[in-house]
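To start, the structure itself, in structure tokens.
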Amino acid sequence: MSGVPRLAVVWCPQWPVVAVQAQPNESVAVVHANRVVAHSVAAGAEGVRVGQRRREAQSRSPFVRIEPADRLRDARCFEPVVAAVAQLVPRLDLDEPGTLAFLTRGPSRYFGGDASMAERVCHVVEQAMLEHGLSSSAVGGISVGVADGRFAASVAARYRRVVPVGESAAFLAPLPVSLLDEVAGMPADFVHLLGRLGLHTLGQVAGLPRQRLESRFGAQGVFAHRVARGADDRLPTVHDPPAARSVQRTFEPPVQHSDTLVFVGRQMADELVAGLAADGLVCTQLLVLAETEHGERSERIWQRSTGLPVSAMVERIRWQLDGWALDDTLTAGVMRLCLDPVEVRVDTGVQAGFWGGRSQADEWAMRAVARLVALTGEQQVLVPAAHGGRHAGDAYRWVPAVSVELDQPRERLRPIDGPWPGAVPSPSPAVVHRPPLPAEVLDAQHRPVRVSGRGVLSAPPATVRRTAGVRADTTHTITQWAGPWPVDERWWDTAKARRLARFQLLTTEGRLWLAVVEGGTWWLAAEYC
Amino acid sequence: MALALAPSLVTARDLQQHTLPVLPSFANLVPHGVVQRGTVVSCHGPAAVSLAMGFVAGPSRDGAWVGVAGFPELGLAAAAELGVSLERMVAVVEPASGSFTRERWADVVATLIDGFDTVVLGGALTRLSAADARRLRARAQSRGAVVVAVDLPAFEGDIRLTAERCEWSGLGAGHGVASQRWVRVECSGRRVPAVRRGQVCLP
């Protein structure tokens, strides 16, 4: 296994919690789209888990501090850590905020072995965090791991281990396959399937013939086999990119705002990805280089084994530039921005889901939603969500678009378990008035129609008239009608109890109304418009 | 010679990119059985909302996103029953504490047109002037969005769908429940060479 590079990985668990400046022993959860994405050790001890709903987390841990997720903030807070490690080693690979990797060959020799180097790096990182008011004790501390291969090193970081040269496979063998999901970022359903097939440890996966995994799972199976064997997750198809692939822009006059740079960065990323895609390639390591007029440089390598699409590139450019701009030592505007694909691999393609997967239209719509939220406010941009109930308009409700994951609609639209006895059967009314419109329903003798406590009608309704609103005062003749359908809701709760009767009223114009009489007053609740 | 050749340059793929499908029940009603991108459709009459939802159901099922502006009273259950995919629907409503200005609404609708394939405009947009409507129509044409206006006089439709008569079945004098509706629809407008009429079951 001589071709596998030896790497050290510095890893901080639950980095978003550190970024919101959690105190030691404080119960903190970071929430995105109503789901917990990270939590502190104290919160975990009380039963808070990643993926829980916010309410559930709060019920497990009543005093938990809930913070909204902000990837930019996470990246900005990680910048001091990156800068500190960059003092010790020449070349860093960054993945997500909270994780960084570097080749150990030089640094280990300089600091006298892997173990002392790991200790040294750990110490330097803790120092840097302390200087910037961050503490990792709420999440169990920073850890460093050293092993052959990126996956093995990342796992070693989770176990705080220095794995001796050539023993990565032995180290990984007894560990659970769930690490493929947590560390290597493989799809959760694939990893789950391995478990159901009886493959519970990485050693079992590594022990299978590669061809078998390939014929059953395709590229995914080969990848899983490679990383489980302790080989680098850098695929054999990875190679140095063809010459002159890098994209760069020079600014005259120099640019002062990072927003402008990110905007240009998006165009550059578009250009780069389109150029690589034309050759059937995808970028797995990207070098982002920015240089000011006075020669100050920011140079970072961003690594993602599944490939960097345009959106991921733009996000990383933003992280890097914002972190850099935070450093007050900058004396001039940025003059040059350069994107250089350090490592590319053949695009094996991602099989889109049989139902769904994101299309171009989805991509555009997501952007439009973000713009609309900026234009009108979070509470004004809404999407449907299943609700449940027996009244008109109860089956679905509008909820703010920012509170849900737009590309995972299945859960929010799953029908709420009924049954709802007494609901008016479909078809449903196309217009639901909230609040309902006051109205007057008269019988043939022009007396108000009443419904007794036992649901008996005083006389058949003959005319309906709205008593407020734009089209008030026009009397409509009722040709056909049905009802009363009584509802006696929540009779056990005096504050919320409702007793009402519903009718369908069809007028001569062909308009069908869903009318409600409650406490002797008539309302038009909905129209089958 | 060049003129004679020109029509054959339009390939089937071009046509697919420039049109959106409609449900089979509307296919006989609109010219060519599809709706061209950039079209403004206006719905009127006692079944205007159901007509609008039935019309956008075709593109929505085909993967298009539906943006809804100024229509807080829209019945979502009815939209789902008419075939609209609720997972690709986004609405913009006015805050409870106050309403948007005319300019704000124009911006919102323009953003919807930029990002969504179909845009439904509801009653709150009566505030838009005829000039706004013209600008938004031009934008829809350049971005290839289909705009469906429900009972808005300012948006004179390229395709104008008017519900002339609704026939409900299942309802009696004091008994039954409304179960089915047949709507007699007149289709007219600038992009409709001759007025068409047809029956649509909504639902």
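For a paramagnetic label modelled on A:Val37 (point 7 Å from Cα along Cα→Cβ), amide N atoms under 18 Å away belong, within the range A:405-429, to A:405-409. DSSP finds beta bridges in the range B:94-203, and of those with both partners inside it, around 80 percent are antiparallel. In a reduced charge model with +1 at each Lys and Arg Cβ and -1 at each Asp and Glu Cβ, the protein assembly as shown shows a dipole moment near 1860 debye about its Cα centre. Counts of other chain beta carbons within 10 angstrom of each beta carbon in peptide A:507-516 average 3.
Here the peptides A:403-416, A:115-128, B:29-42 are ranked by packing, the mean other Cβ count within 10 Å, and the order with the highest first is B:29-42, A:115-128, A:403-416. Each peptide in B:70-80, A:218-228, A:361-371 was scored by the mean count of other Cβ atoms within 10 Å over its residues; highest first, the order is B:70-80, A:218-228, A:361-371.
Calculated translational diffusion coefficient of the range A:380-509 (10 °C, 1.306 mPa s; Stokes-Einstein with Kirkwood radius over alpha-carbon pairs) equals 91 µm²/s. Would you mind working out the magnitude of the charge dipole of chain B relative to its Cα centre, with +1 at each Lys and Arg C-beta and -1 at each Asp and Glu C-beta, to the nearest 20 Debye? In debye, rounded to 20, chain B gives about 460. Pairing chains B and A buries close to 3900 square angstrom of accessible surface in total, based on protein heavy atoms and a 1.4 angstrom probe.
Here the dipole of the range A:1-80 is about 240 debye; that uses its Cα centre as origin and unit charges on the Cβ of Lys and Arg (positive) and Asp and Glu (negative). Compared with its chain on its own, the range B:143-175 contains the following residues whose accessible area drops by 10 Å² or more in the full protein assembly (probe 1.4 Å; ligands, DNA and RNA excluded): B:Asp151, B:Cys166, B:Trp168, B:Leu171, B:Gly172, B:Ala173, B:Gly174.
With kT/(6 pi eta Rh) evaluated at 20 °C and eta = 1.002 mPa s, and Rh the Kirkwood radius from Cα pairs, the range B:39-86 diffuses with a coefficient of 193 µm²/s according to Stokes-Einstein.
Shielding by partners for peptide A:372-383, expressed as the average number of C-beta atoms from other protein chains within 10 Å of each residue's C-beta, is 5.
For the range A:30-112, the equivalent ellipsoid derived from the alpha-carbon gyration tensor has semi-axes of 35, 14, 10 Å in decreasing order. Could you compute the net charge surrounding A:Gly455? Neighbours are other residues with a C-beta less than 12 Å from the C-beta of A:Gly455; K and R count +1, D and E count -1. Spelling it out: positives minus negatives among the neighbours equals +3. You can think of it this way: the chain between A:Glu518 and A:Thr474 has 13.6 nm of extra reach, that is 0.36 nm per residue less the Cα-Cα gap.
Annotation: per residue accessible area for chain A equals 49 Å², rounded to a whole number [probe 1.4 Å, protein chains only].
Split the accessible area of the protein assembly as shown by element, probe 1.4 Å, and carbon with sulfur accounts for 53%. Look at where the Cα atoms of the range B:124-186 and of the range A:297-343 average out, and the two centres are 50 Å apart. As I understand it, the dipole of chain B uses +1 on the Cβ of Lys and Arg and -1 on the Cβ of Asp and Glu, about the Cα centre. Which of B:Thr101, B:Phe155, B:Ala79 lies farthest toward its positive end? Result: B:Phe155.
Given only helices, namely DSSP H runs of n ≥ 4 each adding -39500 (n - 2.57), what is the per-residue ellipticity at 222 nm of chain B, to the nearest 500 deg cm²/dmol?
The helix-only estimate for chain B comes to -9000 deg cm²/dmol at 222 nm.
The alpha carbon centroids of the range A:42-110 and the range A:395-448 are separated by 43 Å. Here's the picture: charge each Lys and Arg Cβ at +1 and each Asp and Glu Cβ at -1 in the protein assembly as shown, and of A:Met335, A:Gly133, A:Leu514 the one pushed furthest to the positive end of that dipole is A:Leu514. Computed on protein heavy atoms with a 1.4 Å probe, the accessible areas place B:Asp132, A:Asp181 in the order A:Asp181, B:Asp132, largest first. With N counted as the residues of chain B, its alpha-carbon radius of gyration over 2.2 N^0.38 Å works out to 1.06. Packing, taken as the mean count of other beta carbons within 10 Å per residue, orders the peptides A:71-78, A:52-59 from highest to lowest as A:71-78, A:52-59.
Measuring only protein heavy atoms, the 1.4 Å probe finds A:Phe151 accessible over about 10 Å². Averaged over the residues of B:105-113, the number of partner chain Cβ atoms lying within 10 Å of the residue Cβ comes to 3.
The residue among A:Gly230, A:Thr479, A:Gly3 whose Cα reaches farthest toward the positive pole of the charge dipole of chain A, with charges on the beta-carbon of Lys, Arg, Asp and Glu, is A:Thr479. Once the Kirkwood radius over Cα pairs is known for the protein assembly as shown, the Stokes-Einstein relation at 10 °C and 1.306 mPa s delivers a diffusion coefficient of 53 µm²/s.
Only alpha carbons enter this Debye calculation for the range B:87-203, each as an equal point scatterer, and the log10 of I(q)/I(0) it gives at q = 0.13 Å⁻¹ is -0.67. On a per residue basis, the range B:12-135 carries 34 Å² of accessible surface, using protein heavy atoms and a 1.4 Å probe.
The values are calculated or read from the model by the stated rules, or taken from the named source; none is laboratory data. Every value quoted in this text rests on a predicted model; they were computed, and no experiment measured them. Quick reminder, even Gly has a Cβ in these numbers, built from the backbone with ideal geometry, and neighbours come from all protein chains shown. Heavy atoms of the whole protein, side chains included, go into the accessibility calculation; ligands, DNA and RNA do not. Shrake-Rupley method; radii C 1.70, N 1.55, O 1.52, S 1.80 Å.
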